[in-house]
Amino acid sequence: MTPIMLMSAVLSAPESGDPSFSIGRMMAIIVGAIFINNFVLSRFLGICPFLGVSKQLDSAVGMGAAVIFVMVLATLGSWLIYHNVLVPNEMVYLRTITFIIIIASLVQLVEMILQKFSPALYDALGIYLPLITTNCAILGVAVLNIDDKLSLGYSLINSVAAGIGFTLALVLMAGLRERMETSNVPASLKGLPIAFLIAGAMSIAFLGFAGLGG
Amino acid sequence: MSLAQEFTKGIVKENPIFRQALGMCPFLAVTSSVENALGMGAAATFVLVCSNFLVSLLRKVIPASVRIPSYIVIIAAFVTIVDLLMNAYLPALHKSLGIFIPLIVVNCIILGRAEGFANKNKVISSLFDGIGMGLGFTLAMVVMATFREILGNGSWLGFNLLGEAYQNQPLLIAILAPGAFILMGFILGFFNIMEKRNRGGAR
């Protein structure tokens, strides 16, 4: 089996109702999640870390990496459990509870594994991991994948793209805020208010992607 | 602190949105119309009051080491109840709030009150704290939604305020995503000015 056939088999899982794998659909999901429906700037998911961790470029990159990592794992775990445990047993109403437990325990697990096997990575991502449980972007992407009836493969692509979109917004914001440190901001707008105004300006820019991909 | 104080502190002095900047995601996302803001406020207040009640009731039973996961499960249970009730009785509102109903679980206000207040205080004061914080959250959302709906659609709670001519060419950006960020920036800036003025007057 060639890699492309394997990919196509995963992407068109029978549960999903997706006709078949197509590059066009994949590109639409990727561009959609990164630019058109950017998680932070147009869906308003993950605003707290976006405002809290965007003061420095280094920490923004660290947080972004941690979010992408956990997002993919959470999507994998929640998709498999939803379609293999909840749906066959008709317990779909337990979705919210199940997903939040999956995410909380995944974060704990990742933290412990990293601490044991990769102390360097743990030092880099460690302080951001506990914050991620209450990051609504993670639960958001897990729920959106189910709501949009995506297959496992598309869900994983969607979660990677959503994580990249989040990181992009965070890194851009951090760059802008580092520049703002030296500029002359009106006293009453210092801190959070100016951060919101910058986010608004960025959001206008991202609105320009709306026509992309139809 | 008296019960009345527990109740009012959430509305003005410790307003979760304008004072503590908690729960920003639903606040920015659902304030594009007053109706959505009221719906979200009601749902969040219900979950907040119920979770405060149960957490306070169980505060001596839950071991400290597993308290956060327990709170999250309690909150998620009430969110599921709200989700199902809204889907059954208010399907249109449920649809327009969409993903933000399940996301009440990760609203920092609710976990913050469970951890910061309900697990240390009696059931009655936790209930009043929950109602006050919930109303403060709702009030903040309604204020924001009022600005956004009037500017962006010329109406308030669906009533046409500014007439046909405005509605044909409204300031559309106010109900789009950037409007939420920009208006929030100006509102917080306004609060900073007021605070400075108050402090100046006291001196």
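Based on Cα atoms of segment A:29-159, Rg over Rh with Rh as the Kirkwood radius reads 0.98.
Rank these by accessible area, largest first, 1.4 Å probe: B:31, A:133. Don't jump to the answer; show the numbers that get you there.
Details: B:31 0, A:133 25 Å².
Per-residue accessible area, sorted high to low, gives A:133, B:31.
Across the alpha-carbon atoms of the protein assembly as shown, the computed radius of gyration and Dmax are 21.8, 78 angstrom. For segment B:44-108, the calculated P(r), taken from all Cα-Cα distances in 5 Å bins from zero up to the bin holding the longest distance, is 4, 18, 26, 22, 15, 8, 5, 3, 0 percent.
Mean separation of Cα pairs under 8 Å and 6+ residues apart, divided by the residue count of segment B:3-202: what relative contact order is that in percent? Don't jump to the answer; show the numbers that get you there.
Numbers: 257 pairs, mean separation 69.2, N = 200.
Result for segment B:3-202 is 35 percent.
Could you pull out the chymotrypsin sites (Phe, Trp or Tyr not before Pro) across segment A:162-214 that fall in loop regions by DSSP (anything but H, G, I, E, B) with no more than 13 other Cβ atoms inside 10 Å? Sparse-neighbourhood loop chymotrypsin sites (Phe, Trp or Tyr not before Pro): none present. Straight-line cross-link partners of residue B:95 among the lysines, defined as a Cα under 19 Å from its Cα and at least 8 positions apart when in the same chain: A:149. Seen against the Cα atoms of chain B and their longest principal axis, helix B:34-57 is set at about 10 degrees.
With unit charges on the beta carbon (Lys/Arg positive, Asp/Glu negative), name the residue among B:34, B:62, B:137 whose Cα is farthest towards the positive pole of the charge dipole of segment B:3-202. Checking the options against the dipole of segment B:3-202, the answer is B:62. Would you mind pulling out the separation of the Cα centroids of segment A:182-214 and segment B:1-30, in Å? First find each Cα centre; the distance between them is then 25 Å. For the pair residue A:92 and residue A:27, a Förster radius of 30 Å applied to the C-beta separation gives a FRET efficiency near 0.45, rounded to the nearest 0.05.
Between the Cα long axis of helix A:136-147 and the first principal axis of chain A there is an angle of about 30°, rounded to the nearest 10.
The mean accessible area for residues of segment B:108-171, using a 1.4 Å probe and ignoring ligands and nucleic acids, is 46 Å² per residue. Interface between chains A and B: roughly 3000 Å² of accessible area buried, both sides summed (probe 1.4 Å, protein heavy atoms only).
Shape of segment B:3-202 from the C-alpha gyration tensor: oblate (a/c of 1.5 or more and a/b not above b/c, with a ≥ b ≥ c the square roots of its eigenvalues). Averaged over the residues of B:186-193, the number of partner chain Cβ atoms lying within 10 Å of the residue Cβ comes to 6. Projecting label points 7 angstrom from Cα along Cα→Cβ for residue B:171 and residue A:58 puts them 4.2 nm apart. Within 10 Å of the Cβ of each residue in A:168-174, the mean number of Cβ atoms contributed by other protein chains is 0. Averaged over the residues of peptide B:146-153, the number of Cβ atoms from other protein chains lying within 10 Å of each residue's Cβ is 0. Could you give the angle, 0 to 90 degrees to the nearest 10, between helix B:177-202's Cα long axis and the longest principal axis of the Cα atoms of chain B? The helix B:177-202 is inclined about 70 degrees to chain B. Between A:39, A:50, A:69, the Gaussian network model of chain A with springs among Cα atoms under 10 angstrom shows the greatest mean-square fluctuation at A:69.
Working with all protein chains in place, sort A:43, B:199, B:113 by solvent-accessible area computed with a 1.4 Å probe, largest first.
Numbers: A:43 75, B:199 140, B:113 30 Å².
In descending accessible area the options line up as B:199, A:43, B:113.
Dividing the summed helix terms, -39500 (n - 2.57) for each DSSP H run of n ≥ 4, by the number of residues in chain B produces a 222 nm estimate of -22000 deg cm²/dmol to the nearest 500.
Scan chain A and report its longest stretch carrying no GluC sites (Glu not before Pro) that are both in a DSSP loop and have at most 12 other Cβ atoms within 10 Å. Working shown, then result.
On the way: sites that count: A:90, A:181.
In short, A:91-180.
Within the accessible area of the protein assembly as shown, what % is carbon and sulfur when the probe is 1.4 Å and the other protein chains stay in place? Roughly 68 percent of what the probe reaches on the protein assembly as shown is carbon or sulfur. Placing +1 on the Cβ of every Lys and Arg and -1 on the Cβ of every Asp and Glu, with no other charges, gives the protein assembly as shown a dipole of roughly 1140 debye about its Cα centre.
Which entries in B:13/B:196; A:190/B:9; B:9/B:60; A:55/A:116; B:9/B:120 show an alpha-carbon gap greater than 19 Å? Intermediate values should be presented prior to the final figure.
Details: B:13/B:196 15 Å; A:190/B:9 26 Å; B:9/B:60 26 Å; A:55/A:116 30 Å; B:9/B:120 17 Å.
Beyond 19 Å between Cα atoms: A:190/B:9; B:9/B:60; A:55/A:116.
Each of B:169, B:156, B:200 was placed along the dipole of segment B:137-203 (beta-carbon charges, centred on the mean Cα), and the one lying farthest toward the positive end is B:200. Each of residue B:65 and residue A:210 was given a label point 7 Å from its Cα along the Cα-to-Cβ line. The distance between the two points is 5.3 nm. Label-to-label distance for residue B:115 and residue A:84 is 3.2 nm, based on points extended 7 Å past Cα in the beta-carbon direction. The helix-only estimate of mean residue ellipticity at 222 nm for chain A, built from DSSP H runs of length n ≥ 4 each weighted as -39500 (n - 2.57), is -21000 deg cm²/dmol after division by the residue total.
The values are calculated or read from the model by the stated rules, or taken from the named source; none is laboratory data. Note that this is a predicted model, so its numbers are computed, not measured. Because the Cβ atoms are built from the backbone with ideal geometry, glycine has one as well, and the counts that use them run over all protein chains shown. Accessible surface is based on the protein model in full, side chains and every heavy atom, while ligands, DNA and RNA are left aside. Shrake-Rupley method; radii C 1.70, N 1.55, O 1.52, S 1.80 Å.
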